[in-house]
């Protein structure tokens, strides 16, 4: 008999994580056990969302998929905000975009290319994602430039106002993006070969799907709090900075749901849907999650979060968006394009690992 591989096997790490935390085990053990526990929780979030999406249609379903797929990332960063780990929060925002755009899309291209010679998808929607990401990157660079050029004790209040106003502008841009996608131009996001999505497997009832969403959200919040609590000790034990942990580990753990969904769709040669999940998640992180965290920080954190990213983080974000847009912008994928994106991600991981702690 063969055992079927399933992320549900990783649910065993929930009690393991609790036992390790109660016994005050080494922080790296607690951190990686909690990270493994979040993977099946994120998978449950996405699956329950897909069950609801069957009844709401593709446009709303895609939005729900991206929203609940980013829920673990949002929960992790809110917990980190409450702990005052601002460097880790900013790094996880950048890391989530890098993970989806380079790691997620790269793996999707590579694994799809191993099964199919090439895949075609709608280049218009991909270029729209790219242009929105470039605009968001420019907007996120403004607080950083102000902080380094004009930051003094007298201008600290102005910096907070800039962060607050830019967050409102980004949220406004996200609302207009939703109007464009759901109301005025839903046809712009249709797949190259038409909309051929269909549900596979048994359909859940609405109460079961809603209950699964609720349980998964509670478990994600619980494991995220343990994960962030062990992050600092893990960094000290393994010689990793808060920036590296946030930009690599927390980003991949928080984004494992979208990345896994994008890869699954790519292996079925549904590249439009795969790119919609991965790149749509990047849009939501930049235009919704990042500014929302600024507003939430006024309530839960010791002081308001500012979006003054390090130069290396902004440079990596700009390069990732530029390369991702160029590689994916022609409407055709193959396995070597995946290698190109994965190579850029690996190079950035090496750079951020050796990046000095001081700004």
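Taking all Cα pairs closer than 8 Å and separated by 6 or more residues, the relative contact order of the chain comes to 39 percent. Which value at 222 nm does the chain reach when only helices count, each DSSP H run of 4 or more adding -39,500 (n - 2.57), with the total divided by all residues and rounded to the nearest 500 deg cm²/dmol? Mean residue ellipticity, 222 nm, calculated: -23000 deg cm²/dmol. Name the shape class, rounded, prolate or oblate, that the alpha-carbon gyration tensor gives for the range 95-194, where a ≥ b ≥ c are the square roots of its eigenvalues, rounded holds for a/c under 1.5, and otherwise prolate holds if a/b is larger than b/c and oblate otherwise. It is oblate, given that a/c is not under 1.5 and a/b is not larger than b/c. In this structure, residue 206 and residue 295 have a Cβ-Cβ separation that, at R0 = 45 Å, corresponds to a calculated FRET efficiency of about 0.90.
Placing R0 at 35 angstrom, the Cβ-Cβ distance between residue 318 and residue 190 gives a FRET efficiency of 0.75 after rounding to 0.05. Shown is the FRET efficiency for residue 8 and residue 332, computed with R0 = 51 Å from the Cβ-Cβ distance and rounded to the nearest 0.05: 0.90.
Full extension of the chain segment joining residue 339 with residue 142 gains 67.7 nm, where the gain is 0.36 nm per residue of separation less the Cα-Cα distance. The convex hull drawn around the Cα atoms of the chain, when projected onto a plane and averaged over every direction, covers 18.8 nm².
Between 235, 130, 260, the Gaussian network model of the chain with springs among Cα atoms under 10 angstrom shows the greatest mean-square fluctuation at 235. Looking at the square roots a ≥ b ≥ c of the eigenvalues of the Cα gyration tensor of the range 85-131, which shape do they give, rounded for a/c under 1.5, prolate if a/b is larger than b/c, or oblate? Since a/c reaches 1.5 but b/c is at least a/b, the shape of the range 85-131 is classed as oblate.
Using a 10 Å cut-off around each Cβ, can you sort 131, 205 from fewest to most neighbouring Cβ atoms?
Details: 131 12, 205 9.
Listed from fewest to most nearby Cβ atoms, that is 205, 131.
Simple spin-label estimate for residue 238 and residue 115 gives 3.0 nm between the two label positions (7 Å along the Cα-to-Cβ direction from each Cα). Rounded if a/c is under 1.5, else prolate if a/b beats b/c, else oblate: with a ≥ b ≥ c from the C-alpha gyration tensor eigenvalues square-rooted, which is the range 262-359? Because a/c hits 1.5 or more and a/b fails to exceed b/c, the range 262-359 counts as oblate. Largest mean-square fluctuation among 116, 309, 288, in a Gaussian network model of the chain whose springs join Cα atoms under 10 Å apart, belongs to 116.
Sorted from fewest to most neighbouring beta carbons within 10 Å, what does the list 315, 174 look like?
Numbers: 315 14, 174 20.
Least to most surrounded, the residues fall as 315, 174.
Tell me, 272, 187, 87, 330 in order of fewest to most beta-carbon neighbours within 10 Å? Could you put the intermediate results ahead of the total?
Values: 272 25, 187 7, 87 19, 330 13.
Listed from fewest to most nearby Cβ atoms, that is 187, 330, 87, 272.
Each reported figure results from applying straightforward, stated rules to the coordinates on display, with no laboratory input. Here the structure is a predicted model, which means the values were calculated and not measured. We place every Cβ from the backbone using ideal geometry, glycine too, and count neighbours over all the protein chains shown.
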